[in-house]
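Accompanying notes for the structure given below.
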Amino acid sequence: MNLKTLAKERIAVLLKEAELVPEKKDRYAELILKIAKKAEMGLPKSAKMKICRKCKKFIMPDSLIIRTNKKTKCVEYTCKKCGSKRRYSYSSKKNN
Ligand SMILES: [Zn+2]
């Protein structure tokens, strides 16, 4: 098994754990980012949606402002904690 496959598996486990143990969420978020960095890979899509890259915290539904932009066909997510914005296209074009 190569490092990236292993990293992906560990990240998937940590994501699940974080949902079960909310008080350790931020610690897990840190670990997930560390693992991804070590494996020299980007975050898997499942983790990308859940962790803010800037403040390195799990994004909770109530710590997020979601806006849609009809012109660019994007959903804009703003992290309330650090104010960083991310955009995801919702047009039929594939993401990533
Ligand atoms: Zn943030």
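What to note about this one:
- Computed [θ] at 222 nm, helices only, for the chain once each DSSP H run of length n ≥ 4 contributes -39500 (n - 2.57): -11500 deg cm²/dmol
- Other residues within the sphere of radius under 15 Å centred on the Cβ of Arg27, judged by their own Cβ, net out at +3 (K and R +1, D and E -1).
- Only one residue of Ala29, Val75, Ala12 has its Cα farthest out toward the positive end of the dipole of the chain, where Lys and Arg carry +1 and Asp and Glu -1 on Cβ, and that residue is Val75.
- Between Cys74 and Asn69, Tyr90, the built amide H atoms are under 5 Å apart, and every one of these is 5 or more places off in sequence or on another chain.
- Between 0 and 90°, nearest 10: helix 25-38 axis offset from the chain longest Cα axis: 80 degrees
- On Cα atoms only, tilt of 3-20 relative to the major axis of the chain in degrees: 70 degrees
- Entry note: the stretch 1-88 has Rg to Rh equal to 1.01, where both radii use alpha-carbon atoms and Rh is the Kirkwood radius.
- In the chain, the GluC sites (Glu not before Pro) that fall in loop regions by DSSP, at most 13 other Cβ within 10 Å: Glu40
Values quoted throughout were computed directly from the atomic coordinates according to the rules given, and no laboratory measurement underlies them. Remember, it's a predicted structure, so these values are computed and weren't measured experimentally. For neighbour counting, all protein chains shown are included, and Cβ atoms are generated from backbone atoms with ideal geometry for every residue, glycine included.
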